[in-house]
Amino acid sequence: MTATRTPGVPAIDEGSLISTSPASGDEIGRFPVASPDHVTDAVARARDAAGWWAGLGFAGRRKRLLAFRSVLTNRLEELAELMHREGGKPIADALVEAIGAIDHIAWAANHARKVLGRRRVGSSVLLAEHTSYLEYLPFGVIGVIGPWNYPVLTPMGSIAYALAAGNAVVFKPSEYTPAVGQWIVDRFAEVVPERPVLQIVHGMGDVGGALCRSGVDKIAFTGSTATGKKVMAAAAESLTPVLLECGGKDAMIVAADADLDAAADACVWGGLTNAGQTCVGIERVYVADGVYDAFLGRVVARAAKLTVGEEGTADVGPITMPSQIDVIRRHIEDALTRGGRAVLGGAEAVRPPFVSPTILVDVPEDAAAVQEETFGPTLTIARVKDADEAVRLANGTGYGLGGAIFSKSRGLELARGVRSGMTSINSALTFAGMPSLPFGGVGGSGFGRIHGEDGLREFTRAKAIVKRRGPSLLAITTFDRAPKTMRQVLKIVKLVHGRSK
Ligand code: NAD
């Protein structure tokens, strides 16, 4: 007998996690739920595989990661189709996401040796007969816990960099997107069939909890701030280090000298792409008084043209996680009750599983729609005196993930004033597609970095090695040190460090 299921809500039946389309309710696939013992066994196998994988060296891992990248590239359309069916996102959004992930795999593979490999660094004057080496060694096994909203790009931001650094990975995908997670892991196994270097464990949040307690050497978590706190608490039991990529409430600032057409285009795409279910999505906009009306008109005209539906060609797809619809509805209704106005959409825009683009103005700064992550195709747009007031208000939530600035003359200066991990100037969200740049937040958005050099180092321990080449010139690290030596050392130290400039 088949149980009745709510579209898009993951269910467990006879030990299998069942994934369904959020739009049609069609079953996408069934995956075995991992028990705590299964998780522990997977980590034990990963530990064995990690030694082999690290032993391949940078060149061996690079070759295999680039082969993985090629397989994904050649099957991009198939992957995008699966992402569309399981998560509901339009095909074009799925392709943009998957292409970003491919770029990251290649960058991590190509840069790991340069960033992490052993190099000589300077030695202290007093220990000049020593040679100092620095290298970054893999932790061993990394547990990666992923969300559903970017089921390829987001976990790959950890997985690719962890693998390139020489770790094995046990991956727990979101229960909303297990099919996409399994597809990725299966493709990796095709190019690395020898050992289980990348494994997957399926299930609900409790399986993520088991992974935190499984003895992995580090947890890389991407998901909500509330779950991030639970992950950190579980990992604290064994002092397992954590990387937390959590939620956001990113702001766009439109200065008086902004290119308004470009700003409106970036605002609509940055806020509404993937139906607004983007950690670094634009959720709030602060616009300088003099250009507010012209900007708002452009945004509303663009957003009103977007198509909403379950087809792969729609601009805005369904809300993937049905329970999020209540949050979106609450934020819109709260904003309207508290004096806000909907210049597009509004309460009637919520038609599960869809929410049509909604633009809210005159919303008080302490309203939920301004302070809490909405994760839907909504934007609040506020009029401010100038860009400096915009920066102050942009910094007024507990989050600090990304953001965007539109200004022809003050972009860099304003960007540095925003308390967040990443800012795009005269575009939106583009920092996520730059493999050479680190990605991560501050405050409620988490800590640690994926992507770029910092992202590679995040999955390693710094190893310092000092090698003595010959007899000590100034023998101070011995009880045989002579008073004369100490007098010489004092003279040198005063010469080197005693000056005020
Ligand atoms: P979520 O926190 O509900 O779930 C994330 C993952 O954690 C899932 O795999 C889930 O099964 C697992 N999980 C749940 N409870 C757990 C527990 N107690 N211990 C361990 N794991 C547990 O988040 P979500 O709804 O899947 O994703 C949306 C959220 O993710 C949003 O807040 C979004 O902003 C955030 N996000 C952040 C980034 C980033 O890079 N900062 C990227 C994408 C998404």
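The values are calculated or read from the model by the stated rules, or taken from the named source; none is laboratory data. These figures come from a predicted structure and were not determined experimentally. Every residue, glycine among them, receives a Cβ derived from its backbone with ideal geometry; neighbour counts consider all protein chains shown. We work out accessible area using only protein heavy atoms, side chains counted, and drop any ligands, DNA or RNA first. Shrake-Rupley method; radii C 1.70, N 1.55, O 1.52, S 1.80 Å.
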Residue-by-residue Karplus 3J(HN,Hα) for the stretch 388-394, coefficients 6.51, -1.76, 1.60, Hz, glycine and proline x: 5, 5, 4, 4, 4, 6, 4
19 Å Cα-Cα reach of LYS305 towards lysines, excluding residues that sit fewer than 8 places from it in its own chain: LYS89
Fraction in percent of alpha-carbon pairs per bin - 10 Å, the chain: 4, 18, 26, 23, 15, 8, 4, 2, 0, 0
Normalised alpha carbon radius of gyration of the stretch 364-422 [divisor 2.2 N^0.38 Å]: 1.14
Compactness of the stretch 1-91 as Cα Rg over 2.2 N^0.38 Å, two decimals: 1.48
Cα gyration tensor shape of the stretch 395-448, rounded if a/c is under 1.5, else prolate or oblate by comparing a/b with b/c: oblate
Rh (Kirkwood; distinct C-alpha pairs) - the stretch 277-379, Å: 14.0
Debye intensity ratio I(q)/I(0), log10, the stretch 66-172, q values 0.16, 0.17, 0.22, 0.23 Å⁻¹ (C-alpha model): -0.76, -0.83, -1.15, -1.21
Kirkwood-based shape ratio for the stretch 117-188, expressed as Rg/Rh from alpha carbons: 1.28
Isotropically averaged projected area of the stretch 369-501, using the convex hull of Cα atoms (one quarter of hull area), nm²: 15.1
Phi to ³J(HN,Hα) by Karplus 6.51 cos²θ - 1.76 cosθ + 1.60 over the stretch 283-291, Hz, x for Gly, Pro: 10, 10, 10, 10, 10, 4, 2, x, 10
Accessible area (Å², per residue) of the stretch 1-122, counting only protein heavy atoms and a probe of 1.4 Å: 49
Distance histogram in 5 Å bins (all Cα pairs of the stretch 188-321, percent per bin): 2, 9, 13, 13, 12, 12, 12, 10, 8, 7, 3, 1, 0
0 to 90° range, to nearest 10: angle between helix 324-337 axis and the chain longest Cα axis: 70
D (Stokes-Einstein, µm²/s), Kirkwood Cα radius, the stretch 312-354, 1.002 mPa s at 20 °C: 190
Derived scalar couplings ³J(HN,Hα) [the stretch 490-501; Karplus, 6.51 cos²θ - 1.76 cosθ + 1.60; whole Hz; x for Gly, Pro]: 4, 4, 5, 4, 5, 5, 6, 10, x, 6, 7, 10
Pairwise label distance in nanometres, GLU129 with ASN110, each label 7 Å out on the Cα-Cβ vector: 4.6
Modelled FRET efficiency - R0 45 Å, ILE99 with MET486, Cβ distances, 0.05 increments: 0.10
Set LYS467/LYS491; LYS114/LYS501; LYS63/LYS218 screened for pairs whose C-alpha atoms are more than 32 Å apart: LYS114/LYS501
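Can you give the Kirkwood hydrodynamic radius for the stretch 267-317, in Å, rounded to one decimal and based on Cα pairs?
12.0
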Contact order normalised by residue count of the chain, Cα under 8 Å, 6+ apart, percent: 17
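Could you please state how large a percent of the accessible area of the stretch 352-501 is carbon and sulfur, counting protein chains only and using a 1.4 Å probe?
Carbon-and-sulfur percentage of accessible area, whole number: 56.
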The chain: angle of helix 260-272 to the longest principal axis, Cα-based, in degrees nearest 10: 90
Global size of the stretch 112-268 as Cα Rg and Dmax, reported in angstrom: 20.2, 63
12 Å beta-carbon shell around VAL115, net charge (K/R +1, D/E -1): +1
Two-decimal Rg to Rh for the stretch 296-449 - Kirkwood Rh, Cα set: 0.96
